[in-house]
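Quick notes on the structure that follows.
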Amino acid sequence: MRGSFALLLCVTTLVLGSWDDKLGSAIAATVEGDQGLWPEGGLVMDSAGNLYGTTMRGGANGDGTVFKISATGMETVLHSFSGRDGQQPIGCLVMDTAGNLYGTTLRGGANDDGTVFKISATGMETVLHSFADDRNGLGCLVMDTAGNLYGPSMHSGAKGNGSVFKISVNGTETALHSFTGRDGKWPTSLVMDTAGNLYGTTYRGGAHIIWGTVFKISVKGTETVLHSFAGSDGRDPGGLVMDTAGNLYGTSGSQRGYWGGVFKISPAGMGTMLYSFAGYAEKDGQDPDGRLVMDTAGNLYGTTSIGGTNGGEGDGTVFKISPTGMETVLHSFSGSDGKLPTGG
């Protein structure tokens with residue numbers, strides 16, 4: 001990634017319960033009630049060590065919040081959404097060099113189809129764009145050096161298979177690519193290389209119809225399918241991270257006794273499963289859901305939403321994968337310290 005995204009650090013957010021409002025009383029999070037409920041996305045960190053994120057619910061109006069956690073653990077609600085300015089923020093935030101935050105909401109805005117918003121360093125919110133025709137953005141945004149924002153929209157496009165959009169600095173939306181199904185369906189999150197090319201995953205579609213893809217969209221808007229998953233090499237891919245050589249890494253979903261894994265896609269599109277989780281048998285984790293992060297030595301870090309060493313299905317893990325595919329469980333959650341990590 002480029003520009004201000006050197007400051008990005010996706011960190012696990014922990015949520016108990018489900019999306020069902022009836023289970024709201026069962027949810028425990030580090031921020032709750034008027035301070036927010038259901039922190040689903042990852043976090044971003046500024047140069048002073050403060051963390052920023054969103055909650056899908058809660059806040060002054062019940063429509064979600066943008067919050068700040070200081071380096072000493074003090075929480076501040078920077079903004080509570082109220083519907084017309086957005087509702088149910090989802091995905092992770094991005095930060096520019098001035099400390100402004102940008103993100104998307106699932107609902108709300110002028111058409112109740114979601115928004116792209118900006119939060120200043122002092123907490124002033126601006127709606128940059130209101131989506132229409134169910135074109136709501138669902139994944140994490142990326143920003144180029146000119147301040148333009150790019151993101152995925154899951155159910156938009158000519159065939160309803162999703163699209164990748166661009167929001168200019170003045171809020172104008174452009175559809176860069178509409179998926180047809182064979183080239184992918186239901187895009188999730190994006191990353192950008194230093195030349196401005198975009199890379200992402202689709203949850204479904206591709207040559208094998210149902211397993212998903214890794215794609216590239218050039219600066220000129222041309223889309224290329226780098227890899228179509230076949231099931232045996234992964235399925236339902238999550239967000240990507242890129243190394244300095246242009247290799248892409250992401251998490252793969254689970255199915256029929258396969259507990260998920262971490263994959264690598266070369267610049268030429270060659271797919272490799274770096275690690276496959278063993279689930280209950282090895283207590284190494286199960287169902288990795290969030291985006292990975294990478295250190296300067298090429299080690300990958302992520303979370304599994306269940307599994308680990310704490311009995312039953314387990315409450316989730318934080319894991320490390322070495323460049324050679326060696327996995328280490330860094331932490332198994334036990335409930336009292338968090339449960340079901342879903343963010344990066």
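What to note about this one:
- The simple Förster model, with R0 at 25 Å and r as the Cβ-Cβ distance, assigns Ser232 and Ala268 a FRET efficiency of 0.85.
- Using a Förster distance of 25 Å, the FRET efficiency for Asn310-Ala71 (Cβ separation, nearest 0.05): 0.30
- Of the cross-linked pairs Lys118/Lys220; Lys118/Lys166; Lys118/Lys264; Lys185/Lys264, those separated by over 23 Å at the C-alpha level are Lys118/Lys220; Lys118/Lys264.
- For Lys320, the aspartates and glutamates whose Cα falls under 13 Å of its own Cα, not counting residues fewer than eight places away in the same chain, are Asp284, Asp295.
- Extension reserve of the Ala48-Ser120 stretch, reckoned as 0.36 nm per residue once the Cα distance is removed: 24.3 nm
- All C-alpha pair distances within region 214-320, sorted into 5 Å bins from zero, spread as 2, 13, 23, 22, 17, 12, 6, 3, 1, 0, 0 percent across the bins.
No value in this document is a laboratory result; all are computed from the given coordinates. Predicted model only: the values in this text are computed from it and were never measured. Ideal geometry is used to build each Cβ from the backbone, glycine not excepted, and the neighbour counts take in all protein chains shown.
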